[in-house]
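*Asks:* Here it is, the structure, as structure tokens.
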Amino acid sequence: QSTPVIDCPGRSTLEDLKWKTPTTSLPPVEPSPDHFVFYKLPWENKAPEPRSAPFDFHQSSIKLPYCNRSVWQRVEEALRSRINNGRELIEIIRKCSGRNLDCNLLLELLHGRRQASFMEEETERLFADVIPKIQQLALKLPELVKQPIPILNPGQSISLSQLQVASLLANAFFCTFASRKRNVNHMPDINFQGLYYLPRGDQSHVESNMQKLQCLFSYFRKIDLELGEPNGVVTFHRREVQDSPQWNESTKPIKRLHISRTGTIEDDGTYMLQMDFANKYLGGGVLGQGCVQEEIRFAICPELIAGCLFSKVMLEKEAIIICGAQQFCKYDGYGSSFQWESNFNDVTPRDSSGRLCVSVVALDAIPFYGRKSRQYEVGNMDRELNKAFAGFMVDEGAESIPVATGNWGCGVFGGDPKLKSVLQLLAASECGRDLVYFTFRDKSLIEPLYDLHSLFLQKEATVGEVYRNLMEYKPSNENVLSYLKRKILKNVPITKYIKGCARLDESEGKNMKS
Ligand code: AR6
């Protein structure tokens, strides 16, 4: 008996899923008790003027360096001097921080002979143009940011102009913020000192840290206080979802999927909700060791780093969403081969609030360094689903742009891409978003995942149905995708299924999609 060939409904192209109108994933900027806006509205296509947002003094806040008179006097005095070379720069950083910091890696970058070190002319240009600019930006902080910055509570947002962000990062460059310890303050560090330090033993991250610093210099090079460039704004939102879905009862349909072996989240996830494979401390090792997806994204879009200033360690059901961060350079390589490649002119359009239409969602997966089988435990699968749900949820007034993701939690954190892809598909579907999955050159996931997804669509499987089956999976020789296929197929006569793209016979009319 011949089986009619119909279009495989599981395979959508990137173009099919791409949002046609540029948009961000957060509602427009509007001040409220939970949204601190540090500049005057409305945004009118030029750098907005700073304003003091009303502040609730019960809320904890970041002590800005100028709040302590003696600290700021010391910083001002230091930053008003002309800096001509690496040694002088280090002296100034030490004065600003009030500590005798080890900055030998910075010195190696500026005057050393390592592969990543600057050429002499580059160093000269840096001291002529870029370092004075960073000094000026740092000194402008009291005029640009006129009040304490809150440490965000769940549900709160903060919007800053790109110039305010630049001034904060310039202060971080000179290490003017009070130092923090993760285990004491439960916050990531913000000063750049972790990048300046030259380890005695393991040198594996020295070159990549130099490359990260090159990215940061690329960023500062582009900031122009006089011209008021860049003139947009960035929003950081902390979202916690207490009431997670009743996954086993969900009747939501499975949404569309595109899988690609080539491309990256940041290059090809245009107008999508782009995943940051995060650490629970936002930014991970961007200002220290580490040079994988999160660190690279933060290095090429340094405005994301500003989030480290006011974000506490992420809770179990929490995500951090950042809209409007610009990309300032291009890169090549990954991990220890990571390299700054060139400056980058980001021409992404802005939304009506002045944010670049780039939405990033930071989600920390569970690290499975040791017993990898733990990831298939119900509690852990639930945790990842609820975490992804917190990130993918669509806010009122925002659009359900697709999620651009990939092997979340499957690199440094040791997860199984087969499992994580299904979990992300379920969470995205529950939130009504399509999913674009970049396998990062891994061919092996593409066919089995498309195959299973097609079957879900043919069978009109719901999120709840897939979830119930998934929760019964036990690690064995049968991988999780094959297992789900078998379970979902059980309700379909086997002869009606063709491998490679689940198709049903015409007689199964009610299930057929064209
Ligand atoms: N686009 C798409 N996929 C990518 C990209 C990209 N630009 N870069 C990497 N991948 P990993 P994790 C794929 O290890 O396991 C950081 O230190 C690639 O297949 O960064 O969640 C954080 O701060 C890679 O193996 O994420 C955390 O501490 C996989 O994504 C920790 O790592 C996972 O990337 C998070 O580790």
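The values are calculated or read from the model by the stated rules, or taken from the named source; none is laboratory data. Keep in mind the model is a prediction, meaning the values are calculated, not measured. Ideal geometry is used to build each Cβ from the backbone, glycine not excepted, and the neighbour counts take in all protein chains shown. Surface accessibility is based on the protein's heavy atoms, side chains included, excluding ligands, DNA and RNA. Shrake-Rupley method; radii C 1.70, N 1.55, O 1.52, S 1.80 Å.
*Asks:* Consider just the alpha-carbon atoms of region 139-269 and return their Rg together with their Dmax, both in angstrom.
*Replies:* 20.1, 57
*Asks:* Additional query: Hey, got the dipole for the chain? About the Cα centre, +1 on K and R Cβ, -1 on D and E Cβ, debye to the nearest 20?
*Replies:* Charge dipole, the chain, about its Cα centre: 960 debye, nearest 20.
*Asks:* Can you list the HN-Hα couplings for region 277-284, worked out from phi with the Karplus curve (6.51, -1.76, 1.60; θ = phi - 60°), rounded to whole Hz and with x for Gly and Pro?
*Replies:* Each residue of region 277-284 in turn: 6, 8, 8, 5, 9, 3, x, x Hz.
*Asks:* With the dipole of the chain worked out from charges on the C-beta (+1 for Lys and Arg, -1 for Asp and Glu) around the Cα centre, which of Asn45, Gln203, Cys103 lies farthest toward the positive end?
*Replies:* The one lying farthest along the dipole's positive direction is Gln203.
*Asks:* Would you work out which of Asn183, Leu17, Ser359 lies farthest towards the positive end of the dipole of the chain, given +1 charges on the beta-carbon of Lys and Arg and -1 on that of Asp and Glu, about the Cα centre?
*Replies:* Of the options given, the answer is Asn183.
*Asks:* Just to check I understand the Karplus step: with θ = phi - 60° and J = 6.51 cos²θ - 1.76 cosθ + 1.60, what whole-Hz values come out for region 266-275, glycine and proline as x?
*Replies:* 6, 7, 10, x, 4, 6, 10, 8, 8, 6
*Asks:* Same structure again: Calculate the spin-label point distance for Arg200 paired with Glu76, positioning each point 7 Å from the Cα along the beta-carbon direction, and give it in nanometres.
*Replies:* Once both label points are built, they end up 4.0 nm from each other.
*Asks:* For Gln274, which sequence-distant residues (separation of 5 or more, or a different chain) have an amide H within less than 5 Å of its own amide H, given hydrogens modelled in the peptide plane?
*Replies:* Answer set, sorted by chain and number: Ser359, Val360, Val361, Ala404.
*Asks:* Quote the accessible area belonging to Lys20 in square angstrom, nearest 10, computed with a 1.4 Å probe and with ligands, DNA and RNA left uncounted.
*Replies:* 140
*Asks:* Based on alpha-carbon atoms only, what is the radius of gyration of the chain relative to the globular estimate 2.2 N^0.38 Å?
*Replies:* Normalised Cα radius of gyration, the chain: 1.04.
*Asks:* Would any residue of region 63-104 have its amide N under 13 Å from a label point 7 Å out along Cα→Cβ of Lys146? List them or say none.
*Replies:* From region 63-104, the list is empty.
*Asks:* Let me ask something additional. Note down the magnitude of the dipole of region 52-137 about its Cα centre, charges +1 on Lys and Arg C-beta and -1 on Asp and Glu C-beta and zero elsewhere, to the nearest 20 debye.
*Replies:* Result for region 52-137 is approximately 320 debye, rounded to the nearest 20.
*Asks:* Count the DSSP beta bridges whose two residues both fall in the chain, then state the antiparallel fraction as a percent rounded to the nearest 5.
*Replies:* Of those bridges, close to 55 percent are antiparallel.
*Asks:* How far is the Cα center of region 312-379 from the Cα center of region 144-203, in Å?
*Replies:* 17
*Asks:* Now, a different point. Suppose every Lys and Arg Cβ carries +1 and every Asp and Glu Cβ carries -1, with no other charges. What dipole size does region 304-347 come out with about its Cα centre, to the nearest 20 debye?
*Replies:* 140
*Asks:* Same structure again: Check which residues have an amide H placed less than 5 Å from Tyr197's amide H, if you skip close sequence neighbours.
*Replies:* Leu105
*Asks:* Shifting gears a bit: Return the lysines within reach of Lys63: Cα separation strictly under 20 angstrom, same-chain partners fewer than 8 residues apart disregarded; answer none if there are no such residues.
*Replies:* The qualifying lysines are Lys95, Lys140, Lys146, Lys181, Lys312.
*Asks:* Any idea of Cys323's accessible area? Nearest 10 Å², probe 1.4 Å.
*Replies:* Per-residue accessible area (Cys323): approximately 0 Å².
*Asks:* For Ser476 paired with Glu377, estimate the spin-label separation in nm (one decimal), with each label point 7 Å from Cα along the Cα-to-Cβ line.
*Replies:* Placing both labels 7 Å along Cα→Cβ, they lie 2.1 nm apart.
*Asks:* Name the long-range amide H neighbours of Phe438: under 5 Å, sequence gap of 5 or more, or other chain; modelled H, no Pro or chain starts.
*Replies:* Sorted by chain and number, the residues that satisfy this are Ser260, Thr405, Gly406.
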